[in-house]
1. Quick one: how many residues across the stretch 1-42 are in a loop (DSSP other than H, G, I, E, B) and either out of contact with any helix residue (DSSP H, G or I) (no Cβ under 7 Å at 6 or more places or on another chain) or modelled with pLDDT under 70 (or both)?
2. Here's a check for you: in the stretch 44-67, which residue that is surrounded by 13 or more Cβ atoms within 10 Å (Cβ to Cβ) and in contact with a helix residue (DSSP H, G or I) (Cβ under 7 Å, 6 or more places away or on another chain) is modelled with the lowest pLDDT?
């Protein structure tokens, strides 16, 4: 068992996930003339860019588990 502090931003892979989504949305909106009018649709589309390989890398970088 690896005990972690209650909140440790350096060990939280969710930050990298949010960053990836944010960059995807910025990129799509900068190159596209059509904007998604529904924010939920935009987030769902942005989630499609997150792969298992990216998630594995985020956990590996966070050192919170051994995979």
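The values are calculated or read from the model by the stated rules, or taken from the named source; none is laboratory data. Given the structure is predicted, the values throughout are model-derived calculations rather than measurements. Virtual Cβ from ideal backbone geometry, glycine too; neighbours counted across all protein chains shown.
1. So the first thing to find is which residues in the stretch 1-42 are in a loop (DSSP other than H, G, I, E, B), and the list is 1-8, 12-13, 32-38.
Add one more test, that the residue is either out of contact with any helix residue (DSSP H, G or I) (no Cβ under 7 Å at 6 or more places or on another chain) or modelled with pLDDT under 70 (or both), and what stays is 1-8, 32-38.
Selection size over the stretch 1-42: 15.
2. Checking each candidate, the answer is 64.
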